1. Name the single residue, out of those in region 460-491 being surrounded by 20 or more Cβ atoms within 10 Å (Cβ to Cβ) and in contact with an Asp or Glu (Cβ under 7 Å, 6 or more places away or on another chain), that is nearest to residue 524 (Cα to Cα).
2. In this structure, is residue 391 of a type in the set (S, T, N, Q) and free of Cβ contacts under 8 Å to residues at least 12 places away in the same chain?
3. Could you list all residues from region 92-115 that are surrounded by fewer than 17 Cβ atoms within 10 Å (Cβ to Cβ), over 31 Å from the mean Cα position of the chain (by Cα) and of a type in the set (Ser, Thr, Tyr)?
4. Can you name the number of the only condition in (1) part of a strand (DSSP E or B); (2) closer than 29 Å to residue 319 by Cβ that residue 151 fails?
5. Outside the structural domain of residue 40 (by TED's automatic domain parsing) and farther than 20 Å from residue 307 by Cβ, is that true of residue 114?
6. Please state which one of 410, 455, 465 is modelled with pLDDT under 95 and assigned by TED's automatic domain parsing to the domain that holds residue 508.
7. Pairs, please: C-beta under 7 Å, at least 6 apart or cross-chain, first residue within 18 Å of residue 107 (Cβ to Cβ) and in region 27-52, second of a type in the set (Ser, Thr, Tyr) and at pLDDT 95 or above?
8. Could you check region 386-429 for strands (runs of 3 or more DSSP E) lying wholly inside it with 2 or more residues that are touching a Ser or Thr at 6+ places or on another chain (Cβ under 9 Å)?
Amino acid sequence: MKKALIYLFVLILIFSSCNDKWDDYYNSSASEEELSQTLTEFFTEHIEYSEFYNMIKQTGLDAYLNKDQELTVWVVNNTNMEQSGIEATDTLRMEYHINHLPFIRSDLKTGLRIQSLNGIYFQITKKNDSIWTNSSRVLKSFRLKNGVVHEINSLMKSRINMYDYLKQLDDDYSIIRDSIFKYNVQLFDKSNSIPIGVDKTGNTLYDSAFYVYNPLFERVEFNSEFKQFTAFVPSNEVITNCFEALAAQYAKMGKTVTQSDTLLAMQWIEEAMFYNGELTDFSAEDIHSAFGRVWRTTVQEINEDSKVELSNGLLYDMKKVKIPNNVIISRIKSLVEYWQYQDKVYPDASDLYVFKGVLGNPSIYVGDATPKPAILPNYILLQLSGDPDSNDEFSVEFPPLEKYEEDGKTKVRVMEVPTGEYTLYMGFRSSAHPYVNVYFNGELIKSSVQASLSTPYNYDRVNETAHDLDPVNGTKKWDGLGGAIGTVTIPGDGMASFRIKVEFDKLESAGAKKTMQIYHWTLKPTENNY
């Protein structure tokens with residue numbers, strides 16, 4: 001008796017479970033009206049869709065309705081058809097409203113992507129208890145003998161693939177368009193090519209199929225209909241404004257924008273324009289592209305009102321783009337010995353280099369030979385001597401100087417650099433050099449710097465040297481950053497100058513000379529310097 005009760009309980013559970021599943025299915029399809037009609041019979045009888053049906057016939061798509069296959073048709077009523085603005089010959093758009101296979105309402109789940117007759121996909125979304133196909137709402141549904149009809153509240157627009165959209169950009173976008181598609185390579189697709197014979201040498205001849213390869217596809221397959229992306233697209237005007245701002249920034253640093261700088265900047269733009277998924281929320285300060293580039297919404301600008309809905313994502317126009325400092329600037333570097341040229345521009349040099357406690361006059365010291373004598377025969381330094389019997393401050397303070405030639409003369413001028421956060425590096429002639437304190441814009445950055453250490457403070461022979469950057473070609477350890485002093489910040493927005501002070505702290509050893517020999521400084525933008 002006990003066993004019988006257990007079996008009866010199990011059967012009740014099974015029946016209840018099956019009944020629940022049936023109810024779920026039945027209720028999800030409750031809004032579908034089942035009709036004993038074919039698609040053709042449906043459209044003949046339902047005159048409220050006559051304008052849509054007439055377009056089906058005008059474009060020759062009615063032949064699909066009579067084939068031995070099941071279809072889904074996404075239809076609008078006559079009023080919405082008149083408001084759609086469709087042209088009489090727009091077969092592509094009408095094809096967008098028919099697809100193979102019957103999709104009943106229970107099949108229509110968020111994220112479902114359905115391929116239409118024209119090969120372009122549309123996407124299903126459920127929100128607020130309604131079903132949407134792209135941006136059209138499903139109003140009612142009919143289950144027929146050879147398919148399904150869903151009435152939607154507006155005729156869909158046939159969305160183009162992102163690849164095709166970018167390729168068809170007009171000449172106002174020619175810079176980014178041509179920059180992206182210059183990578184295209186047409187490759188032979190052997191697996192989809194049909195052998196049609198053999199030539200005289202025995203090689204197989206093919207009715208050849210080809211496909212387009214672009215290295216950007218390795219990270220962003222923006223030609224795929226099975227993934228979703230967002231693209232920010234710059235016009236020629238936006239790119240031109242970007243490079244004009246970059247050229248002005250470089251000019252204040254005494255530099256010009258080189259071809260390699262241009263290529264680096266364009267690479268950043270290409271890699272900062274593609275994002276995984278559909279972006280509609282731009283409240284975050286930093287957005288990371290599919291290539292790991294950072295789009296900072298407080299610096300860069302897009303036109304959110306320009307949104308274009310594509311078959312595989314979204315696209316926006318850029319309003320402003322800036323190449324981040326930490327991308328385009330690898331380092332800013334200058335030599336302290338440029339002091340010797342300052343009086344060519346500034347008769348009164350006290351506002352540039354300020355010396356305290358210097359015994360005698362500052363001098364230029366020609367030091368050791370460099371690893372690149374053809375470029376720089378010797379290291380040249382600013383040399384300062386202090387009074388060994390004095391405890392007064394012994395220091396030098398200076399701005400960044402840029403050296404240039406004019407009218408056959410060597411001159412210098414004060415350099416401005418982009419504001420923001422940097423790591424400061426310096427180099428000295430380390431041999432028996434004293435300990436020093438380093439200040440930046442009046443703030444102590446590092447005290448008791450043991451400049452006598454050859455690693456890392458001897459000249460510029462460490463940290464991103466020519467050898468570090470190109471070890472394969474055997475270039476030597478020189479022209480590096482030097483020894484790290486610390487993190488510094490140049491306040492403001494735009495360009496500004498700064499001042500560095502090197503102050504004697506203590507001797508490296510008893511009996512050593514109270515002498516400072518300063519070679520260079522380098523600023524390297526940190527990740528925070530955008």
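The values are calculated or read from the model by the stated rules, or taken from the named source; none is laboratory data. Nothing here was measured: the structure is a model prediction, and the numbers come from that model. Methodologically, a virtual Cβ is constructed for each residue, glycine included, from the backbone with ideal geometry; neighbour enumeration extends over all protein chains shown.
1. 481
2. Values: of a type in the set (S, T, N, Q): yes; free of Cβ contacts under 8 Å to residues at least 12 places away in the same chain: yes.
In short, yes.
3. Within region 92-115, 106 is the sole residue that qualifies.
4. (2)
5. So residue 114 does not fit the description; no.
6. 410
7. 31/141; 32/141
8. 401-406, 417-428
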